[in-house]
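Asks: Have a look at this one before I ask anything.
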Amino acid sequence: MNETPVSAARKWGTFAVCALMALVPALDMTALNQAVPHLTADLRPSATQILWIADAYGFALAGLLITMGGVGDRVGHRRMLLTGAALFAAASALTAYAGTAELLIAARALLGVAGATLMPSALSLIRRVFTEPRERTAAIGMFSGVAGLAVGLGPVLGGALLNHFWWGSVFLINVPIMLVVLVAGLLVLPESRDPAPGRLDLVSVPLSAAGIVGLVYAVKEAAAHGPWRVEVGVAALVGVAGLVTFALRQRRIVHPLIDVRLFGRVAFTGSVLTNMFAMFALVAQSLIFSLYFQLVLGWSPLKSGLAGLPAAVGAMVGGALLAPPLIRATGRARAVGAGLALSAVAYCGYLLSGVSADYAVLVVMMVAGGVGMGVAMTVTSDTVLASVPKDRSGAASAVSETATELGGALGLAVLGSVLNAVYRDRVAVPAGAPEAAARDSLASALETAATLPPRVGGALASAARHAYVDGMHAALVCSAVLAALVAVAALVTLRSVPAVIPDEAGGSDEPPVPALR
């Protein structure tokens with residue numbers, strides 16, 4: 001099918017709209033963490049409601065990414081993105097002015113539904129307009145860099161807003177951004193859809209949602225309460241059963257939500273798994289260092305947010321500037337391997353930090369780690385999109401985004417559990433301090449220490465900070481080992497992928513899928 005060429009102005013206008021879209025979900029997720037204490041004081045939610053306020057967005061997002069990617073391929077990603085932007089703006093306003101915990105949870109879930117439409121559509125539109133391989137890689141690198149920068153800017157923007165306004169302001173800021181996206185998108189975005197998509201299989205939608213949400217819920221519950229609870233087993237069983245049934249059904253129906261034969265392509269599967277495990281290591285670092293800066297070093301939320309920005313800047317430089325020439329010079333497998341190896345070295349370098357830190361050393365390690373992850377995830381994201389035809393790029397990018405969501409949940413669960421286990425084992429509780437509160441967490445220990453006599457409280461606070469650093473070091477060692485292992489895996493799985501993947505690679509010349517009888 002011949003397509004009308006897209007002008008350079010429209011290409012970069014499309015990129016600007018999609019990049020602006022990439023900012024908002026990342027800003028929203030990171031700013032929420034800072035808003036929780038403020039909205040808790042205002043709405044008085046129960047402990048269970050606080051968990052759902054934090055998790056409702058992620059569950060809805062993860063559960064619907066695959067569906068929304070497939071729907072976008074059918075109805076058009078321009079239409080999908082603009083509809084999602086309008087819904088995200090409305091849900092943001094509803095979240096900002098929620099008067100009860102129940103309404104806030106519902107609004108956060110609606111935000112997740114809207115968010116699931118955004119990233120697959122944005123990546124598909126970038127794939128649609130940037131057809132020259134080098135240009136496409138650079139655009140995806142810049143897009144990934146903007147998303148990474150948003151993660152770093154979230155705490156900064158959230159801290160600044162909360163210093164002057166009420167907690168709802170961190171959500172209300174999304175509304176004008178989305179209005180800009182809507183106006184600009186109507187003017188510059190081209191349409192991108194599968195010309196012969198077939199009907200949407202309504203049975204596949206709940207199967208994919210149940211499978212992903214079940215696994216994510218099982219991981220979160222296992223991290224919070226241990227892996228042996230009945231709820232964890234039931235959720236894991238539902239997740240596995242849902243995904244297996246979903247995959248089997250996709251192989252049998254005429255118009256699958258996802259062509260599962262894509263996983264037979266080494267380039268596609270290797271890139272998706274690399275992204276998943278890279279996010280496993282990356283997400284946990286954000287949480288670990290946020291707590292380290294605030295609770296160990298005693299910095300304010302705003303200062304802590306600013307302190308973490310070098311990692312985001314490094315990710316942008318690595319993705320946008322270094323990944324394209326590195327692919328040309330070394331090939332995709334070596335570029336990913338080198339990026340992950342650099343990240344592993346940076347994680348080891350963090351071990352130089354203790355209860356006091358040389359921030360200059362931390363900056364060097366944050367930049368190095370950010371550059372490494374920026375290179376690796378740009379190459380793999382570009383490989384995923386280039387390995388499928390443009391008319392199926394929405395479903396492919398949704399698979400990649402779902403894998404990163406699952407990787408992030410696993411990272412927080414596993415590395416958080418490692419940190420907590422070492423902390424509880426190493427904290428030396430002084431006589432006169434309550435054992436349970438001291439071993440619960442660093443935050444709990446510091447709150448308890450503030451209520452004790454100065455000598456006992458000071459000893460407890462010092463012991464808790466040292467124990468947290470020990471736990472942080474253990475988690476960082478795990479991250480370094482994992483990054484090194486994934487680097488080796490990428491060298492193997494991506495070794496046959498060419499440096500330049502033609503625009504129509506993996507086109508629509510595959511045999512038809514057998515019909516469901």
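The values are calculated or read from the model by the stated rules, or taken from the named source; none is laboratory data. As the structure is a prediction and not an experimental result, all values here were calculated from the model. As a convention, Cβ positions derive from the backbone with ideal geometry for all residues, glycine included, and neighbour counts pool all protein chains shown.
Asks: As an exercise: evaluate residue 42 against (1) over 30 Å from residue 254 (Cα atoms); (2) free of Cβ contacts under 8 Å to residues at least 40 places away in the same chain and give the number of the one condition it does not meet.
Replies: (2)
Asks: Another question about this same structure. Within the range 89-104, how many residues turn out to be of a type outside the set (A, V, I, L, M) and crowded, with 21+ Cβ neighbours inside 10 Å?
Replies: Within the range 89-104, the first condition is being of a type outside the set (A, V, I, L, M), and the residues that meet it are 92, 95, 97, 99-100, 102.
Now narrow it down to the ones that are crowded, with 21+ Cβ neighbours inside 10 Å: 92, 95.
Final tally of qualifying residues: 2.
Asks: Just one of 416, 471 is modelled with pLDDT of 90 or more, part of a helix (DSSP H, G or I) and under 26 Å from residue 226 (Cα atoms); which is it? Write out each step before concluding.
Replies: Values: 416 fails: modelled with pLDDT of 90 or more.
Every option except 471 fails the conditions.
Asks: Does residue 192 count as buried (at least 23 other Cβ atoms within 10 Å of the Cβ) and either among the hydrophobic types (A, V, I, L, M, F, W, C) or under 30 Å from residue 327 (Cβ atoms) (or both)? Please lay out each step first, then the result.
Replies: Details: buried (at least 23 other Cβ atoms within 10 Å of the Cβ): yes; either among the hydrophobic types (A, V, I, L, M, F, W, C) or under 30 Å from residue 327 (Cβ atoms) (or both): yes.
Taking the combined requirement at face value, the residue satisfies it.
Asks: When residues of the range 157-182 are filtered for being crowded, with 23+ Cβ neighbours inside 10 Å and among the aliphatic types (A, V, I, L, M), how many remain?
Replies: 3
Asks: Return the total of residues in the range 60-88 being surrounded by fewer than 21 Cβ atoms within 10 Å (Cβ to Cβ) and under 21 Å from the mean Cα position of the chain (by Cα).
Replies: 1
Asks: Out of all the residues in the range 352-369, which are surrounded by fewer than 20 Cβ atoms within 10 Å (Cβ to Cβ) and not in a helix (DSSP H, G or I)?
Replies: 354, 355, 356, 357, 358
Asks: Looking at (1) modelled with pLDDT of 85 or more; (2) buried (at least 24 other Cβ atoms within 10 Å of the Cβ), which one does residue 315 not meet, given that it meets all the others?
Replies: Of everything listed in (1) modelled with pLDDT of 85 or more; (2) buried (at least 24 other Cβ atoms within 10 Å of the Cβ), residue 315 misses just condition (1).
For (1) surrounded by fewer than 22 Cβ atoms within 10 Å (Cβ to Cβ); (2) within 19 Å of residue 236 (Cα to Cα); (3) assigned by TED's automatic domain parsing to the domain that holds residue 384, each residue gets a yes or a no:
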site: 406; (1), (2), (3): yes, yes, yes
site: 411; (1), (2), (3): no, yes, yes
site: 414; (1), (2), (3): yes, yes, yes
site: 418; (1), (2), (3): yes, no, yes
site: 421; (1), (2), (3): yes, no, yes
site: 427; (1), (2), (3): no, no, yes
site: 431; (1), (2), (3): yes, no, yes
site: 436; (1), (2), (3): yes, no, yes
site: 440; (1), (2), (3): yes, no, yes
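Asks: If a residue has to be in a helix (DSSP H, G or I) and modelled with pLDDT under 85 to count, how many in the range 296-306 make the cut?
Replies: Filtering the range 296-306 for residues in a helix (DSSP H, G or I) gives 296, 301-306.
Imposing the further condition that a residue be modelled with pLDDT under 85 reduces the set to 301-306.
Selection size over the range 296-306: 6.
Asks: Now for a separate question. Looking at (1) touching a residue at least 24 places away in the same chain (Cβ under 8 Å); (2) farther than 23 Å from residue 225 by Cα, find the lone condition where residue 461 falls short.
Replies: (1)
Asks: Which pairs have Cβ atoms under 6 Å, sit 6 or more apart or on different chains, and link a residue in the range 210-231 that is of a type in the set (Phe, Trp, Tyr) to one that is modelled with pLDDT of 80 or more?
Replies: Filtered contacts from the range 210-231: 217/235.
Asks: For residue 290, work out the one condition from (1) modelled with pLDDT of 80 or more; (2) within 30 Å of residue 458 (Cα to Cα); (3) not hydrophobic (A, V, I, L, M, F, W, C) it doesn't fulfil.
Replies: If we test residue 290 against (1) modelled with pLDDT of 80 or more; (2) within 30 Å of residue 458 (Cα to Cα); (3) not hydrophobic (A, V, I, L, M, F, W, C), just (1) comes out false.
Asks: Condition test on residue 101, is it farther than 27 Å from residue 145 by Cα and of a type in the set (Gly, Ala, Ser)? Step through it out loud before you land on a result.
Replies: Details: farther than 27 Å from residue 145 by Cα: yes; of a type in the set (Gly, Ala, Ser): yes.
Judged against the criteria, residue 101 is a match.
Asks: Check the range 203-221 and report whether any residue there is surrounded by fewer than 18 Cβ atoms within 10 Å (Cβ to Cβ) and either within 21 Å of the chain's Cα centre (by Cα) or assigned to a loop (DSSP other than H, G, I, E, B) (or both). Spell out how you get there, then give the answer.
Replies: Step one: of the range 203-221, the residues surrounded by fewer than 18 Cβ atoms within 10 Å (Cβ to Cβ) are 203, 206.
Filter once more, keeping what is either within 21 Å of the chain's Cα centre (by Cα) or assigned to a loop (DSSP other than H, G, I, E, B) (or both): 203.
Yes, the range 203-221 contains at least one residue that is surrounded by fewer than 18 Cβ atoms within 10 Å (Cβ to Cβ) and either within 21 Å of the chain's Cα centre (by Cα) or assigned to a loop (DSSP other than H, G, I, E, B) (or both).
Asks: Scan 496, 479, 462 and give me the residue that is polar (S, T, N, Q) and over 24 Å from residue 357 (Cα atoms). Please lay out each step first, then the result.
Replies: Details: 479 fails: over 24 Å from residue 357 (Cα atoms); 462 fails: over 24 Å from residue 357 (Cα atoms).
Selected residue: 496, the only one of 496, 479, 462 that is polar (S, T, N, Q) and over 24 Å from residue 357 (Cα atoms).
Asks: Further question: Would you mind stating whether residue 153 is closer than 18 Å to residue 413 by Cβ, within 24 Å of the chain's Cα centre (by Cα) and not assigned by TED's automatic domain parsing to the domain that holds residue 316?
Replies: no
Asks: With respect to residue 232, is the statement that it is in contact with a Leu (Cβ under 9 Å, 6 or more places away or on another chain) and over 26 Å from residue 483 (Cα atoms) true?
Replies: Numbers: in contact with a Leu (Cβ under 9 Å, 6 or more places away or on another chain): no; over 26 Å from residue 483 (Cα atoms): yes.
In short, no.
Asks: With respect to residue 349, is the statement that it is assigned to a helix (DSSP H, G or I), surrounded by 24 or more Cβ atoms within 10 Å (Cβ to Cβ) and either at pLDDT 90 or above or not aromatic (Phe, Trp, Tyr) (or both) true?
Replies: Details: assigned to a helix (DSSP H, G or I): yes; surrounded by 24 or more Cβ atoms within 10 Å (Cβ to Cβ): no; either at pLDDT 90 or above or not aromatic (Phe, Trp, Tyr) (or both): yes.
Answer is no for this residue.
Asks: Among 288, 327, 258, which is the only one that is within 30 Å of residue 467 (Cβ to Cβ), of a type in the set (A, V, I, L, M) and either in contact (Cβ under 8 Å) with a residue 24 or more places away in the chain or not in a helix (DSSP H, G or I) (or both)?
Replies: Details: 327 fails: within 30 Å of residue 467 (Cβ to Cβ); 258 fails: within 30 Å of residue 467 (Cβ to Cβ).
Sole residue among the options that is within 30 Å of residue 467 (Cβ to Cβ), of a type in the set (A, V, I, L, M) and either in contact (Cβ under 8 Å) with a residue 24 or more places away in the chain or not in a helix (DSSP H, G or I) (or both): 288.
Asks: Mind checking which residues of the range 284-332 are at positive phi and touching a Pro at 6+ places or on another chain (Cβ under 9 Å)?
Replies: Filtering the range 284-332 down to residues at positive phi leaves 298, 331.
Scanning the range 284-332 gives a single hit, 331.
Condition check ((1) in contact with a helix residue (DSSP H, G or I) (Cβ under 6 Å, 6 or more places away or on another chain); (2) of a type in the set (Phe, Trp, Tyr)) across all residues:
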residue	(1), (2)
151	yes, no
165	no, yes
169	yes, no
176	no, no
